[in-house]
1. Report those helices (runs of 4 or more DSSP H) wholly inside region A:216-310 carrying at least 3 residues which are at pLDDT 95 or above and not hydrophobic (A, V, I, L, M, F, W, C).
2. Only residues that are over 19 Å from the mean Cα position of the chain (by Cα) and of a type in the set (Lys, Arg): list them for region B:5-53, please.
3. Which residue out of B:Asn116, B:Asn151 is assigned to a helix (DSSP H, G or I), in contact (Cβ under 8 Å) with a residue 24 or more places away in the chain and polar (S, T, N, Q)?
4. Can you tell me which of (1) outside any loop (DSSP other than H, G, I, E, B); (2) more than 23 Å from the chain's Cα centre (by Cα) is the one B:Trp486 doesn't meet?
5. Take B:Asp239 and decide whether it is of a type in the set (Asp, Glu) and under 12 Å from B:Tyr200 (Cα atoms).
6. Which of the residues that make up region B:481-517 are crowded, with 22+ Cβ neighbours inside 10 Å and of a type in the set (A, V, I, L, M)?
7. Would you pick out the residues in region A:253-267 that are at the interface with another protein chain (Cβ under 7 Å from one of its Cβ atoms) and surrounded by fewer than 20 Cβ atoms within 10 Å (Cβ to Cβ)?
8. For region A:219-234, name all the residues that are touching a helix residue (DSSP H, G or I) at 6+ places or on another chain (Cβ under 8 Å) and either within 20 Å of B:Pro475 (Cα to Cα) or within 7 Å of another protein chain (Cβ to nearest Cβ) (or both).
Amino acid sequence: MNTTNNFLVSNRRRWLQRSGSTLAAALGLGSVGNLMLMPRSARAADYKALVCVFLYGGNDGLNTIVPTDTARYNQYAGVRGGLAIPKASLVPLAGVNYGLHPSLAALAPVWADGKLAPVFNVGPLHQPLTKAQYRAAAANSASVPDSLFSHSDQQILWETGTADSLTRTGWGGRAAEALATVNPVISVAGTARFGLSSLQTPLVLPGPGATFGAHGLQPADLTWAPNALRKAAIDALYAQAQDVTLGDAYTQAQRNAFTMSERLGALVKVTPGGAGASAVIDAAFAPITVAGKITTPLGNQLYQIAKLVANNATVQGNKQLFFASMGGFDTHANQIVTGSPLEGEHARLLKGLGDALGAFYTALKNLGLGDAVTTFTQSDFGRTFATNNSTGTDHAWGNQHLVLGGAVKGGLGYGSYPELALGGVDDVGQDSWELQGRWIPTTAVDQYAATLLGWFGASEPQLDAVLPNLVNFGTARKLAFL
Amino acid sequence: MRLADQGSFGPTEALVASIKAQGPTAWVTAQMALKTSSYTSGQGGAVHQYTGSGEFCADKGANCWRDWSSTQPLVWDFYRNAVTQPDQLRQRVAFALQQIVVVNNLEVDGTYGFRNYYNNLLDNAFGNYRQVLKKVALSPVMGDFLNNANNDKAAPNENFARELLQLFSLGTCELNADGTLKGGACSATYSNDVVRSYAYALTGWTYPAGGATPYGCWPAGMNCRYYGGDMIPVASFHDTAARTLLAGVTVAAGTTAPAALEKVLDSLMAHPNIAPFVSKQLIQHLVGSNPTPAYVARVASAFTTGKYGSFGSNQKGDLAATVAAVLLDAEARGDSVTRSAGKLREPAQTFAGVLRALNGKTDGDALAWWWGESLRQHVFRPPSVFNYYPPDYPVPGTALVGPTFGIHSANAALERLNYLTYLLDWGGSTPDANVPNALGTSVDLSAFLSDAADATKLVDRLSLLALGQALPSGPRTEVINAVSWWTSARDSANWQVNRVKTAAYLVFASPNYQVLR
């Protein structure tokens, strides 16, 4: 991405040099310098933001947070074998019998603040489901979620908050619609299903420093007649009704893009230490910043979100939903380095996750916005308790997740941790050759989402509208982590 | 005109004339006979044979990773071929196939291995889908990517087996012959124990001989990582229990790994899903995102019978018959389009398409890490085995799907315009001395200067080239206005070329170009 930006900058510079000073003036360079972060008082008193961090590929929750009591640790180590994280290496969590993977050390201060909560064995469900019910369910029974263990389908179930893999809209998008937020879900990680509503796509913003705008057609460029005429022609092209539906969808996206780039282009462009940057945010991200650049993809995304939250009045609306993501969690192989369980792919991934979440939490806390922002993880599925022959794990179902933020009732675990027994009460498997430890969730995505959205401001009827299967869980609609 | 967009990387004035002269069937026939493209750039297998001390790249200069490990040399070949080689249809079909049987250079390294993989897809573009799947299953690049290389019966890794079923052949829901869901809802094609049966049946393969490392290779009895050739069987790692596969196919106890692979392929080719599953995706890549069920059924029938008119071998899975059915169907060829027709042009189609139309040239170097990343289609680096976008991505505000909309957004919308600014106003990229046989990336507008004096004629000529027709009258007037601003009085040296630039920018930025009909 840095390469991209450098190319853009150098080519733009070359173009400007060639085109002479008139054009440069017409392009209105330097507008970034005019941007100042809005003072905090500019935000609405009831401002709230939800930040989803999706861990694509299926994070191994069993190695993310590990039970530390002797009985369960021994069960864990017995099955996980070489993949087990040594007990002494775990980040201790005061007050509970669990420890975090050592790569998540940056979250220790959040736990100490009482603002971090793990939620155990969460996953897509249509209704509460026991192993006996699961085993007895007829093929394609509505009581069992669609296409279990498939990446794309289980991502869709998590992002849509349903048990139906054909669902078109995400629970974030539907919440934005139900609560009539000013903006759709704002994504710094692509057009994920989470942010789709029946009428809107998520607003996708590029990373810090990128140009979010059409060169030559931004407001300051239009004082020069040829640019203004080009823009008029572009507007006419995109106002024209199309003969195909997808053409109309395209022109709507183009019109919307111009509107949003005018509002947010300058803010998107701010980089650590650059014009308009917040010293508070930059200080929090300093551990993952080198020479003015954030060093990890998730760090870049959360830096961008921190700026948008700090400038929430510019972004508009007192309720904002954000979406970020990290990929690479599909650790079928090389999850650890053989003989060295603290090294390997998963350790590297969790380091990226923990450091970025820690920086983001600190930034918001120090901006005085901690209570207004709740961050939570989602992921395709958990991974098999049993390991495969490639020092990895395969696709499973229920998983451990993390919620953090000033409003979180942290310092406790929520939901119920699965019984760590292959073929046990939580394992879908029955026959000896399929006992892999794929946990049937004991908390539904619906309940997890309802807890988050309830805090965000959704009424009970709104929750039912956004999460159509929530009603199947009776009075157990929410957990207590918020 | 539509055929040029469906069967090539975009119309040129010469290509449109050629299709008109030959007629669609003859053009498709002639295209299938051509094979002028292949991947040749980049270095060889020594990167997986290095036993010296220190790093392999230590004495190989700053471009070592690029030339030995990455897919960047193949990007050069890809875009050079897309812009200039005549076997356009073969390239488009191979590009579609590489988005179905996906590998990527994020998790696997080795330029020569990818070169083999993608040359196989070019070779088999009009061959048989069974052979495509067989080469994919035996590919050491795929074996490494989805962990089927060195997969051991003792605790089989399910990764390749699952995606072979889900993404490369059948999909997770049972289909009717017209690609619609059986019973109108998702009825599972297979259960998890079936995935595990396939995983067992596919154990017992390792890399071809030839690899080496300074520290030996693991596990014992298996070859070192090496991508030169097909994977080879290792009996001691192969599960020999009896396994029940789909479509009534079973693997008998004691079956060898190569024979079990044939059984796996038998079961996939015999399954009712494979014809509509593959056919619909080929339509979506070549023609439109929302084909009618009847169109899918006609193409699926060609896949199943292996015959379409004069095309095909009568073998199930024949891709010449299938591709001919995709392109020569009334729904692809008809002059009037329905509301649900069309497809958002893929970024790679746009990159190559504008260059082709405007007599441009490219070495592809700028179209990967720069423009490919900006528009989220960096060729050979899709984010995962799930490609750049899903085939069923829903388009909000409509009842339709639009796979390419899965990477479209407010930012991408503006970057599509910025790509035109780059080509037309920034002059593209100059040749980079670090790129072998560098061409840079640029358009040549000289052919259009002759019409610059007449803004209307210029705009209509470019519209005919890019869209096959004039722009709608309202926007057309605004475009002509913008073009006409440039006069000899305002800029005596550059007014004509500035007219061509303005006209080209607006025509290629138009929704009529960006969304294929």
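1. Those helices (runs of 4 or more DSSP H) span A:225-239, A:245-269, A:297-310.
2. B:Lys20
3. B:Asn116
4. (1)
5. yes
6. Once the filter is applied, which keeps residues that are crowded, with 22+ Cβ neighbours inside 10 Å and of a type in the set (A, V, I, L, M), region B:481-517 yields B:Ala482, B:Val483, B:Val500, B:Ala503, B:Ala504, B:Leu506, B:Val507, B:Ala509, B:Val515, B:Leu516.
7. Hit for region A:253-267 is A:Asn256, nothing else.
8. Result: A:Leu222, A:Pro226, A:Asn227, A:Ala228, A:Leu229, A:Arg230, A:Lys231, A:Ala232, A:Ala233, A:Ile234.
The values are calculated or read from the model by the stated rules, or taken from the named source; none is laboratory data. Just so it is clear, the structure is predicted and the values come from calculations on it, not from any experiment. Here the Cβ is made from the backbone with ideal geometry for all residues, glycine too, and neighbour counts use every protein chain on show.
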